[in-house]
Structure formats: structure tokens, C-alpha cells
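As C-alpha cells, the structure follows; a few thoughts come after it.
The values are calculated or read from the model by the stated rules, or taken from the named source; none is laboratory data. Model, not experiment: these values are computed from the prediction. Here the Cβ positions follow ideal geometry from the backbone for every residue, glycine too, while neighbour counts run over all protein chains shown.
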Amino acid sequence: MPRVYMDANATTPLLPEVLEAMRPYWMEHFGNASSIHLHGQQAHTAVDRARGTIARFFNCHEAEVVFNSGGTEGDNTAVFGLLHPGDHFITTSIEHSAVLQAAHRMAHDGVETTFVAPQPSGLIDPNDIRRAIRPQTRLISVMLANNETGVLQPVEEIGKIAADTGVFFHIDAVQGAGKIEFDVRKFGCHLLSISAHKMHGPKGVGAMYVRKGTPVDPLLVGGSHERKRRAGTENVPGIVGMAKAAELAMESLDNGTIYRLATLRDKLETGILALPGTGLNGAENGKPVPRAANTTNIWFDNLEGEALVIALDMKGVAVSGGSACHSGATEPSHVLMAMGLDKTRARASLRFSLLKTVTEADIDFVLLAVPAAVEHLRALSPVAAG
Ligand SMILES: Cc1ncc(COP(=O)(O)O)c(C=O)c1O
């Protein structure tokens, strides 16, 4: 049976070029980048080269790139590394748990957090951020693209507010990487986090932009790696792989691949929304707000989202639902709930997140599978049967 993977916001496969770039650094060039002998120098050179690529990807200076283990570490570093007892923190109620849980932990240390709610469209209003600022506010953290809806937040406007008020600004850009062009100067941020595995790189490696002079305490201490900003032997193959993935991502943004991806996403979305009892999450007056090119999030009336995820999996389509499993119980998505969906609709929402390698045939396949699965489940549903 053919299988179509439409869960790219969960993770992506390595591209063959990425695997090839990493290959020598597992065995032949296995050195520790801190060693002074030839093996070490080879590893060091590879990390330096990768730093140059990521600096281009961010549009920053090479010294402003810090390699780490991924998005969770970057988000945690921003929160734990900048905030102190008595500080005030502003974030949003639709952030990834890597930011939300870090904020909850900081509450024990006397850091108060304001969680700004989105509008029903999923967009954060920059004026709400501005209104939340107090004299004690030290940090604002807002994501670039939401992992569930793909909605792109107005980070440039928020960056201007941060600059006007002298507050540090962190962007969780994990879901934006490779989908929209980055320019940390334009974004006006002090910190920005990415994760390689969301853009066809390896898992367990990421990078952070740290604007020169930003007083962020390291999360991990030990050796003097990464200019004492992140201790731990560098994951050389991972860093090389992430840089290759970033290089390919920049090409995709330039050569029309991402535009093509958006066109295919729109075809999928239009096809699914033609079904009765469906609607788009991430829209205003029926029109989609700006979103990452690969994501659509759709609600389906009269069925359980989890049942639809399973039914589609059995038909060869991998997607994810608007619920997350917490301590064995299925909870509706905090993102969709914050946007004002009721529990039933949040539970009956599905995220389709496409790989940039998606084909027209994949879309056609899914457009056959979804109506069949929906019809089948609704036929079984006591709600649909009235
Ligand atoms: C928006 C966002 N931030 C952070 C993370 C965490 O990244 P990682 O898996 O690299 O720890 C994710 C992963 O799903 C994410 O979607």
C-alpha cells in the first residue's frame, strides 16, 4: 500500500544530501572539535564551516551562532538564561510546551508570566504584547510559526515593541525554519531557536542566534565550548547535517519549492474543505491568515479526530490530531482551545503538515482517502445519524 506522510511538523526525514554530508563525521573524521591534533582540527573546521552556513541562514555574525540539542533546549535557554526572581515575562498561550513549561517552572522562582491569548484566527495582536509590558518585564518570547496551525506571528512588529521598551525578545522559530526567509536583524530579536529535525536535518541538534552582548546564562556548564555559552562536546555529524539542511532550505526558498508547496497545500485544503461540516483553523472572515506554506489545520463535525487519524493511518495517510496525550488522558489542543474552539471541535481537528518533497500524486491520494474515511466514520457516528 502506498503511504503518504503528512506530519512534517512532528518531524521530517533526512534528505539524501544531508546523510551524505554527515557520513564522514561518524567514522573517518570522528575527532573532538576541541582536540588540537589533526582529528580535532578536521572536526573543528567542519563545525566552523557549519557555523558560517547557519550564520547566513539567520543573517547574523558567526560569533552569534550557538549550537545545541534542538528546539526544547533553545526555548529553555531563553527563559532560564535571561529571567531572574522578580522579573516579568511575556509569552503567548499558544507557544510550544518547551516555552510554556519553562514559564511555569520560573513561577516557583518568583518570575511572573503574562500569557497573551491569540485572536480567534490564531494571530497574536502586537498591541496585546505592548499592553502587557511592565517596568519589570525582561523578556518576550513569541513563536514564528505555530506548530499546529502554521499561523505566522507578526514578529517584526513585536521586535519593534521590544526595541522601543528595552525588553529582550526571543523567537521560537522551530516551525518557521525552511518555510520562510529568516533575517534576525529584521525580526529585531535578541535570541532565536531552531531545530534541525523539522527541516530535513538530524534529530537532537539545533542552533540558537544570540545577539552580541545578550546576557543569557548558559543552561549547561562544563567545558568552554561555544564560547562558554553551551558546554558539551559538539555533535559534529549533527551540526554538519543541520548546516546541509539549512543550505538546502535556503535553496528551496529561492527556487520556487516553497511556493509550489503552498500551492499543493492549498489544493489539499480546498479539496477537504469541500466536504460538508468542515472548516479551517487559522482563518479570519473565512480567509486564511498568513501561514507556513506546508500546514493546514481543519475541523470536522460529527466525528472524533483521533478516530479519523487512525482511519487515515489505515488508509496509508499519516497526519496528527488536535489532541495531545497527557498522563494517559487525551486533552484537546491548548492552541485550538486558546483560539476559542470548543472541546468537541478542537478534538475533531486534524493537522496536515506537508513535506517539501510532496507530490501532486500524494495530494490526490489523500483527497481520495479523507472523504472516504470521513464518510465511514460519520456513518457510524450517533451524532451524525441524529
Ligand atoms: C514550535 C516548536 N518549538 C519547539 C519544539 C521542540 O523542538 P525539539 O523537538 O527540537 O526539542 C517543537 C517541536 O515540536 C516545536 O514545534
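Residues being in contact with a helix residue (DSSP H, G or I) (Cβ under 8 Å, 6 or more places away or on another chain), part of a loop (DSSP other than H, G, I, E, B) and within 16 Å of the ligand (Cβ to nearest atom): count how many of those fall in the stretch 157-189.
Residues meeting the conditions: 6.
Looking at the stretch 96-110, which of the residues that are of a type in the set (A, V, I, L, M) and either within 14 Å of the ligand (Cβ to nearest atom) or closer than 18 Å to GLY166 by Cβ (or both) is surrounded by the most Cβ atoms within 10 Å (Cβ to Cβ)? Even if it seems obvious, please write down each step before you answer.
Step one: of the stretch 96-110, the residues of a type in the set (A, V, I, L, M) are 98-100, 102-103, 106-107.
Subset that is either within 14 Å of the ligand (Cβ to nearest atom) or closer than 18 Å to GLY166 by Cβ (or both): 98-100, 102-103.
On the way: ALA98: 20, VAL99: 28, LEU100: 20, ALA102: 24, ALA103: 22.
Step by step, filter the stretch 96-110, then rank; the result is VAL99.
Could you tell me whether any residue of the stretch 84-95 is more than 16 Å from the ligand (Cβ to nearest atom), on the phi < 0 side of the Ramachandran plot, surrounded by 14 or more Cβ atoms within 10 Å (Cβ to Cβ) and not hydrophobic (A, V, I, L, M, F, W, C)? So that I can check it myself, show each step before the final result.
Kept after step one, since they are more than 16 Å from the ligand (Cβ to nearest atom), are these residues of the stretch 84-95: 84-90.
Cutting the leftovers down to on the phi < 0 side of the Ramachandran plot gives us 84-85, 87-90.
Pick out the ones that are also surrounded by 14 or more Cβ atoms within 10 Å (Cβ to Cβ) and you get 87-90.
Now narrow it down to the ones that are not hydrophobic (A, V, I, L, M, F, W, C): 87-88.
Yes, the stretch 84-95 contains a residue that is more than 16 Å from the ligand (Cβ to nearest atom), on the phi < 0 side of the Ramachandran plot, surrounded by 14 or more Cβ atoms within 10 Å (Cβ to Cβ) and not hydrophobic (A, V, I, L, M, F, W, C).
Among the residues of the stretch 133-151, how many are away from the ligand (no atom under 12 Å from the Cβ) and either in a loop (DSSP other than H, G, I, E, B) or of a type in the set (A, V, I, L, M) (or both)? Reasoning before the result, please.
We begin by selecting, within the stretch 133-151, every residue away from the ligand (no atom under 12 Å from the Cβ); these are 133-140.
Now restrict to residues that are either in a loop (DSSP other than H, G, I, E, B) or of a type in the set (A, V, I, L, M) (or both): 133-136, 139-140.
Matching residues across the stretch 133-151 total 6.
Six or more apart or on different chains, Cβ under 6 Å: which pairs go from a residue in the stretch 32-55 that's more than 19 Å from VAL18 (Cβ to Cβ) to one that's assigned to a loop (DSSP other than H, G, I, E, B) and among the β-branched types (Val, Ile, Thr)? Could you list them?
ASN32/THR233
What are the residues in the stretch 1-35 that are in a loop (DSSP other than H, G, I, E, B), within 30 Å of PHE365 (Cβ to Cβ) and more than 16 Å from the ligand (Cβ to nearest atom), if any?
Once the filter is applied, which keeps residues that are in a loop (DSSP other than H, G, I, E, B), within 30 Å of PHE365 (Cβ to Cβ) and more than 16 Å from the ligand (Cβ to nearest atom), the stretch 1-35 yields MET1, PRO2, ARG3, LEU15.
Here's the yes/no breakdown for (1) out of contact with any His (no Cβ under 7 Å at 6 or more places or on another chain); (2) over 29 Å from PRO288 (Cα atoms); (3) not small (Gly, Ala, Ser):
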| residue | (1), (2), (3) |
| --- | --- |
| GLY188 | yes, no, no |
| GLY213 | yes, yes, no |
| ASP217 | yes, yes, yes |
| VAL240 | yes, yes, yes |
| TYR259 | yes, no, yes |
| THR270 | yes, no, yes |
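Can you tell me which residue in the stretch 190-219 is nearest to the ligand (Cβ to nearest atom), limited to those that are in a strand (DSSP E or B) and of a type in the set (Gly, Ala, Ser)?
The first filter runs over the stretch 190-219 and keeps only residues in a strand (DSSP E or B), leaving 191-195, 206-210.
Narrowing further to those that are of a type in the set (Gly, Ala, Ser): 193, 195, 206-207.
Numbers: SER193: 7, SER195: 3, GLY206: 5, ALA207: 11 Å.
Among those that are in a strand (DSSP E or B) and of a type in the set (Gly, Ala, Ser), it is SER195.
Output the residue which, of all residues in the stretch 36-55 that are in a helix (DSSP H, G or I) and among the β-branched types (Val, Ile, Thr), is nearest to the ligand (Cβ to nearest atom). Write out each step before concluding.
Let us first name the residues in the stretch 36-55 that are in a helix (DSSP H, G or I), namely 38-55.
Keeping just the survivors that are among the β-branched types (Val, Ile, Thr) gives 45, 47, 53-54.
Values: THR45: 26, VAL47: 19, THR53: 19, ILE54: 15 Å.
Checked the stretch 36-55; the qualifying residue nearest to the ligand (Cβ to nearest atom) is ILE54.
Look at SER327 and say whether it is modelled with pLDDT under 95, surrounded by fewer than 22 Cβ atoms within 10 Å (Cβ to Cβ), under 19 Å from LEU280 (Cβ atoms) and among the hydroxyl-bearing types (Ser, Thr, Tyr).
Numbers: modelled with pLDDT under 95: yes; surrounded by fewer than 22 Cβ atoms within 10 Å (Cβ to Cβ): yes; under 19 Å from LEU280 (Cβ atoms): no; among the hydroxyl-bearing types (Ser, Thr, Tyr): yes.
Spelling it out, it is not the case that SER327 is modelled with pLDDT under 95, surrounded by fewer than 22 Cβ atoms within 10 Å (Cβ to Cβ), under 19 Å from LEU280 (Cβ atoms) and among the hydroxyl-bearing types (Ser, Thr, Tyr).
Filter the stretch 56-80 down to residues that are away from the ligand (no atom under 16 Å from the Cβ), surrounded by fewer than 20 Cβ atoms within 10 Å (Cβ to Cβ) and either in contact (Cβ under 8 Å) with a residue 40 or more places away in the chain or not in a helix (DSSP H, G or I) (or both), then give me how many there are.
4
Filter the strands (runs of 3 or more DSSP E) completely within the stretch 250-369 down to those with at least 1 residues that are touching a Cys at 6+ places or on another chain (Cβ under 9 Å).
Passing ranges, in order: 329-332.
Can you tell me which of VAL155, VAL205 is in contact with a Ser or Thr (Cβ under 7 Å, 6 or more places away or on another chain), closer than 21 Å to SER97 by Cβ and among the β-branched types (Val, Ile, Thr)?
Working: VAL155 fails: in contact with a Ser or Thr (Cβ under 7 Å, 6 or more places away or on another chain).
Exactly one residue qualifies, and that residue is VAL205.
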